[in-house]
1. If you build a Gaussian network model of the chain, linking Cα atoms that sit under 10 Å apart, which residue out of 107, 197, 354 swings the most?
2. Quick check on the stretch 227-266: what does the Kirkwood estimate of hydrodynamic radius come out to from the alpha carbon pairs, in Å?
3. From Cα coordinates alone, what are the radius of gyration and Dmax values for the stretch 276-347 in angstrom?
4. Which whole-angstrom value gives the distance between the alpha carbon centres of the stretch 155-208 and the stretch 219-243?
5. Could you compute Rg(Cα) / (2.2 N^0.38 Å) for the stretch 244-303, with N its residue count?
6. Ignoring ligands, DNA and RNA, what percent of the accessible area of the stretch 1-156 is carbon or sulfur (1.4 Å)?
7. Based on the Cβ-Cβ distance of residue 190 and residue 394, what FRET efficiency does E = 1/(1 + (r/R0)^6) give at R0 = 22 Å, to the nearest 0.05?
8. Between 97, 111, 131, which gets the highest mean-square fluctuation from a Gaussian network model of the chain, Cα cutoff 10 Å?
Amino acid sequence: MPIDLSYPSEVQRLADRTRTFVRDHVLPVEDAHDGDITAAGGEKLRLELQQAARDAGVFAPHAPLEYGGHGLDMSNRAPVFEEAGYSLFGPTALNIAAPDEGNVHMLAHIADPEQKQQFLAPLARGEVRSAFAMTEPAPGAGSDPSALSTRAVRADGGWRITGHKWFITGADGAGFFIIMARTSGEPGRRGGATMFLAPADSPGIRVGRHLDTLDKSMIGGHCEVFFDDLLIPESAVLGEVDRGFEYAQVRLGPARMTHVMRWLGAARRGHDVAVAHVAHREGFGSRLGDLGMVQKMIADNEIDIAATRALLTRACWELDRGEPAANATSIAKTYAAEAIFRIVDRSMQMCGGLGVSADLPLARLSREVRPFRIYDGPSEVHRWAIAKRAVSAAKRTKRDSE
């Protein structure tokens, strides 16, 4: 079977332009503010960086062509997103940060023409931000989405939603929410969820406190959100009633992979910083880069980078073929989340005291990538799912052979 791992020339040119743009225009801003996007200017900074990205011809590589994007499929997003992720602010500049990037992907696949005009078009153009409201405080939906407790009931001409969400990324300042609510069944049941679209200024939506988390680079924070008898019309249903969990898979698998792409870029920056340091820093009678223990850390970083790219490539290939890719995306996400942290952690170790200081970006990179082992499904949940699929396949094989 022939295998071609090269990218089309236009994709490679876009990745090269992204590399130049991020290093020349975005990294200096990140470095000046220690990766804290609120301190760097928040919404004002987003608008400035996104205009600069438009001017550079690198804006919205994922968005459909009809909405001003480059229309890249999953496989061709990888090199571009990785270059954007080299700076913590790069994804925001290109309008490919979470949750907006995943919401653009899902709306392009599920929304009806009117919803695309009202919600997808301005989101893809960077005119508004969005939030995806699914996670709830215990005992509600978290790693187990079937525990969904936010409830939507039919009302005159539409639906009334009541519930409490938290860890809703980008909620502060979002232009609209995609809300996951239970429309049938009870918490613990796999089905019975529906997605709804609601402008953020709708009566009944209240954004509460910011949860103070390790990471500081995601605009709009991670917030509590309350839906207090939110009344929305029938036209606010995204897709079909009771198919919300099914639709979530349209978003979650690809979104996990684009997270891998972006954070791999951040890990690469950490590795580059460390290798540049040990190539010149002298100690114990030689350059640190000539010492065996340091060389092992460099080699292990290179291996983790290569292995992450390989697993990502496989998962994106399956997604582009229209396959569910549940196992491939779980494997790639789990490995990458842990490998990316290892890469940054080793890079800190190679740089010694400087590695944990603000003189280098490594400490803030560690702060940002650590939550990825929890976000988009903890490693333990993905391992459970991978193992369960393997056991189920073994049982099927045994039955088929009998």
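1. Result for the chain, Cα springs under 10 Å: 354 fluctuates most.
2. 12.7 Å
3. Rg then Dmax for the stretch 276-347, in Å: 16.7, 56.
4. One Cα centre to the other: 3 Å.
5. Normalised Rg, Cα atoms only: 1.76.
6. 53 percent
7. Result of the calculation: an efficiency of 0.45.
8. Result for the chain, Cα springs under 10 Å: 111 fluctuates most.
The values are calculated or read from the model by the stated rules, or taken from the named source; none is laboratory data. Note that the structure is a prediction, hence the values are computed from the model and not measured. Glycine also receives a Cβ, built like all others from the backbone with ideal geometry; neighbour counts cover every protein chain displayed. The protein model used for the area step is the full one, side chains on, heavy atoms only, and it has no ligands, DNA or RNA in it. Shrake-Rupley method; radii C 1.70, N 1.55, O 1.52, S 1.80 Å.
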